[in-house]
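Read-outs throughout are calculated quantities, based only on the coordinates presented, and are distinct from any laboratory measurement. Nothing here was measured: the structure is a model prediction, and the numbers come from that model. Virtual Cβ from ideal backbone geometry, glycine too; neighbours counted across all protein chains shown.
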Amino acid sequence: MRNTQATNLIFELSQPGRSGVCLAASDVPKQDPAEWFPAGALATSAPPLPEISEPDVVRHFTNLSTLNMSVDTHYYPLGSCTMKYNPKRNERIAAFDGLAQIHPYQPAETVQGMLQILYGLQDMLAEISGLPVVSLQPAAGAHGELAALMLAAAYYRERGEKRTTVLAPDSAHGTNPASARMAGFDFVTIPSCSDGRVDIEKLKEHLNDQTAVFMITNPSTLGLFDDQVQEISDLVHDVGGLIYLDGANMNAILGITRPGDFGADMMHFNPHKTFSGPHGGGGPGAGPICVTAELGAYLPKPIVGFDDSSQTYFLDNDRPKSIGRVRSFFGNVGVLVRAYSYILSHGPVGLKRIAENAVLNANYLLSQVKGFLDVPLGNRCMHEFVASAESIGKQNGLNQPAMDIAKRLLDYGYHPPTVYFPLTVHEAMMMEPTETESKQTLDAFAKTLKAIVQESPEVLAAAPHSTIISRPDEVQAARKPILKWTPKQD
Amino acid sequence: MPYVFNTDDEQAEMLAAIGAASIEELFECIPQDMQLKRALNIPAGLGEMELTAHLQALSVQNKSINEQTCFLGGGSYDHFVPAVVDALASRGEFYTSYTPYQPEVSQGNLQVMFEYQTLICQLTGMDVSNASLYDGGTAAAEAMLMAMSVTRRNKKVVVASSVHPEYRQILKTYFACIGSEMVIVDCGTGTTPVEAIAQVVDEDTAAVLIQNPNFFGNVEDVTLISEIAHAQGALLVCSVDPISLGILQRPGDAGVDIVVAEGQSLGTPLLYGGPYLGIMACRESFVRRLPGRIAGETVDRDDKQCWVLTLQTREQHIRREKATSNICTNQGLFALRAAIYLSLMGPQGMQDVANLCTQKAHYAAEQLTQHDRFELAFSDGFFKEFVVRDTQNDVQQLLQQACENNILAGLPLGQWYDELEDCLLITITEKRTKQEIDELVNVLTQ
Amino acid sequence: MNAEELMYCPTHEWVSTTGENGETIATIGISAFAVEQLTDLVYMELPDVGNQVVAGQEFGEVESVKAVSPMYSPVSGEVIAVNDELTDQLETLNDDPYTAGWIMKVKLSGVLPDNLLDFAAYQKQCAESS
């Protein structure tokens, strides 16, 4: 009983003369704006937006929301994205007037509570990462990477070193090379060994006095902890380079090991993943970065400081070596407040249990699927693992078996794993159950997956069968892009 | 309390299935000397009741805009947010979903992205919009990088000093790494001096960045500046206030090539500065250089209209070091808020809200400058913000006095502009009443 | 053009040359094998007329939905013509990669590089890689 009228495009619901708001008349003497502005500055008509009543707006967006899978409604083992439960308490807290209804340019004495939260978060992230100086400013993980690489560039400039190259393994997120280029570096990909670890010999070949930063995701995007990380750090440090840790997978190691203790000089957190800020249909996130004491001076400014003499918090802009701003105002504060709240909900014992159970759940799921899906990188993993549907495809004559299985999972009410990433595994299906799923959910998912791989190739290739649309034609979408609605020509 | 639901018995069953003796064994891949072996030194975990009380206590230490009257702006605005926006955007199906990698079960989010893109094009008069970036400041930086890619000019850009100072600081940070020159054109008279732009824009210039209304609230001659930029083959990038487009000429109709904006005004609360919404829209021919996610229309296997993420080869996950940007996420939740807001407002609502802002702002400016102590710093036409000079040069005392009367009187400009040390930027949104404005004038002239 | 009479790069571009007014003009495209491997092309970025291209270096890109592949010039010289119609009619590359699907014409500066493969050698390379 879908309401298909309400989910027509909002523009098709428009009726001339209708409105969803009614603003009060002005209570000041009315004047003619034409007298204030130069000729041509005023529009000749109002912007051609749709005209919709309030109930129609409500019905439209409410019905649209039901066309999404979400963590609140479905199991969502999307590898590398850490789709864990988003506690409702954090939503209520973040909406408190004193946290949501404050202006970024209010005087510090009127926002001491907020500054205390942010200061507290800086401290807690420093402790969790083992890296003492923190900037909360970057707006997303990729933005944190970029800020850190800019910081590295500033550090080398100050030392009078001209280092040109950033390196990362072939399993790295695409943001790593893209960030490196935006920060003005050349990028070199280092191959991984067949066991998923960094190929140390290949790394050595590329390390030299031009090496600026080696970016490593550890645990890696393959769900493995690279136990060579200390050796890698030593090698990079020996040539004068820095280690950047992509913190995408921190959920696996909270309270167990710390990047600062295994050689990292800089890292970012993804609080929307590790500390459960909701993903918002693709954002917002945040990308706080933590660095060594030596690099701290270069962090974006401001950071939150505490003045002992007056016992007050303040925005510290007096940081002459800082790379400057990477974002306007303080940062994605709403996401940071949720992270603070989430960390405080757990405490040291709880954070460690997150990591333990994320890893337990992933290993358990691995144990349940390895009987019918190849898991090329072994029987153990951290918080996620990468299966391969390649052999299923060969048996069944399917060209893109990972895609077909993913689509078939939709019919059974599961969001599929991440497919075709990392690039180093053919027909990759990357599964990250997270700690907030129960054994019953994992069992049911594994059972469904097992049934699916035994289904006929015809059924798989035509999947999904029960969703409101079948597979979209992405070729047409990219060949002849239609990126906005336009009125139909009669 | 962690959100972990497996009982001890279930954990034991799971370990047995894995073939591990203990959870510790699962972490054996981490060398012992790297393991922490102590508890993290952070506060002990709190139950929901204690947590809520703790944050409530911190929250009330902040003075919210519901306890005082806000005349602060400068890129973050106290506009009214209709209840419908909060009610719809807080649906879990929206805010606990992620990037629509599986279009068959993300048609809701994808259609919202497509509608958002269309609404932004309607509002700005541009051909295409992406599905959003982080915020107005980073959007401006991304636009300048994009302009360099479009024009294949990487030596130089020109930026008006009337662009938000923090946006310029972001640009400076970004440009420090790529070795391109950023020429700042001084706007000491309140708007961008057209002759000065003409002097510095040359055939090496990739783009000119202006803001309209600018940081001082003044309206720029966008069309003329676009002609100057285009005459040298440079692009015009313009950062706009989306609320102003209820009455001001749309940038797409004034020759702007890339429009960026801080979208917070469109249905998002102040949030102490974020998360906000980076708006970016451009000419159709630049679409393959546009950063960020983009939704597009297509059909499914049964020829049914539907939406997908498209033009993905621009993006980092495919193009890696050659990507147009490293951007991965958009600000989906805030693009949703903007889409709901614009759908509710419609043409009439946007026109009304813009009119209310500018009528009230002019009233405030007139009232304030009737007193000898204050004069307008500039003579240009302004929209909802204006710069007022304290002839007694004691801005801090004024702010203090206002604060004691529960008024956030304005933004002191000396922190960014030496010559405006005795000036305040005062912002009037549709929420400010005549009574509140009179009270501001009263308090500042006591 | 006849595929068997063309020369090929190991990176799957084809080239044929003709003499015009004492100049050597090279016509360049991509092989049927490459088009098939790339599947469902959606976009092509071509050089501008007047650009200089260098043998072995990138002169443009072809995109499928989820991949981008650079095209490398088999020769060095100045681009004198570009097949603009292709970008709107990418199917042409599938239907007729060696005639209607030509991509650009280049006025050679110097001689043809000696690393180009003849049809048989190129066929062999393709067979080994698939």
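Only Cα sites of the stretch B:63-183 enter the Debye sum here, all with the same form factor; the resulting log10 I(q)/I(0) across q = 0.20, 0.21 1/Å is -1.21, -1.23, listed in q order. As a rough footprinting exposure proxy, the listed residues B:S97, C:S109, B:S59, A:S194 were ranked by other beta carbons within 10 Å of their own, and the order from fewest upward is A:S194, C:S109, B:S59, B:S97.
Beta bridges per DSSP, both residues in chain B: antiparallel share near 55 percent.
Counting only alpha carbon atoms, the long axis of helix B:8-18 and the longest principal axis of chain B meet at about 80°. Near B:E142: Cβ cut-off under 11 Å, other residues only, Lys/Arg at +1 and Asp/Glu at -1. The net charge is 0. Within the same chain, lysines fewer than 8 places from A:K301 are excluded, and of the rest, those with a Cα less than 16 Å from its Cα are A:K321, B:K172.
Using alpha-carbon positions, what is the distance between the centroids of the stretch A:328-405 and the stretch B:22-80, in Å? For the stretch A:328-405 versus the stretch B:22-80, the Cα centre distance is 24 Å.
Pairwise Cα distances in chain A exceed 45 Å for 22 percent of all pairs. Compute log10 of I(q)/I(0) for the stretch B:8-59 with the Debye formula, placing one identical point scatterer on every Cα and leaving out solvent, at q = 0.15, 0.17, 0.19 Å⁻¹, to two decimals. After summing over all Cα pairs, the log10 values are -0.72, -0.78, -0.80. Helix B:395-404 and the longest principal axis of the C-alpha atoms of chain B enclose an angle of approximately 60°. Distance between the modelled labels on B:A196 and C:N115, one decimal in nanometres: 5.3 nm (7 Å Cα→Cβ projection). Applying the criteria of a DSSP loop state and at most 16 other Cβ atoms within 10 Å to the GluC sites (Glu not before Pro) of the stretch A:396-461 yields A:E455. Can you tell which of B:E104, B:E385, B:E142 shows the greatest fluctuation in a Gaussian network model of chain B with Cα springs below 10 Å? Of B:E104, B:E385, B:E142, the most mobile in the Gaussian network model is B:E104. The fraction of all Cα pairs in the stretch A:351-476 landing in successive 10 Å bins from 0 to the largest distance is 13, 44, 33, 9, 1, given as whole percents. Listing B:Y3, B:Y77, B:Y101 from fewest to most neighbouring C-beta atoms within 10 Å gives B:Y101, B:Y3, B:Y77.
Listed by chain and number, the lysines whose C-alpha is less than 19 Å from the C-alpha of A:K84, apart from same-chain residues fewer than 8 away, are A:K273, A:K352, A:K439. The HN-Hα couplings worked out from phi for the stretch B:226-241 by the Karplus form 6.51 cos²θ - 1.76 cosθ + 1.60 (θ = phi - 60°) are 5, 5, 5, 4, 5, 4, 9, x, 8, 9, 9, 9, 10, 8, 10, 9 Hz, whole numbers, x standing for Gly and Pro. Of A:S129, B:S325, the sequence from fewest to most neighbouring Cβ atoms within 10 angstrom is A:S129, B:S325. Compactness of the protein assembly as shown was expressed as the Cα radius of gyration divided by 2.2 N^0.38 Å, which yields 0.94.
Of the trypsin sites (Lys or Arg not before Pro) found in the stretch B:27-131, those that fall in a DSSP loop while having at most 16 other beta-carbon atoms within 10 Å are B:K37, B:R38.
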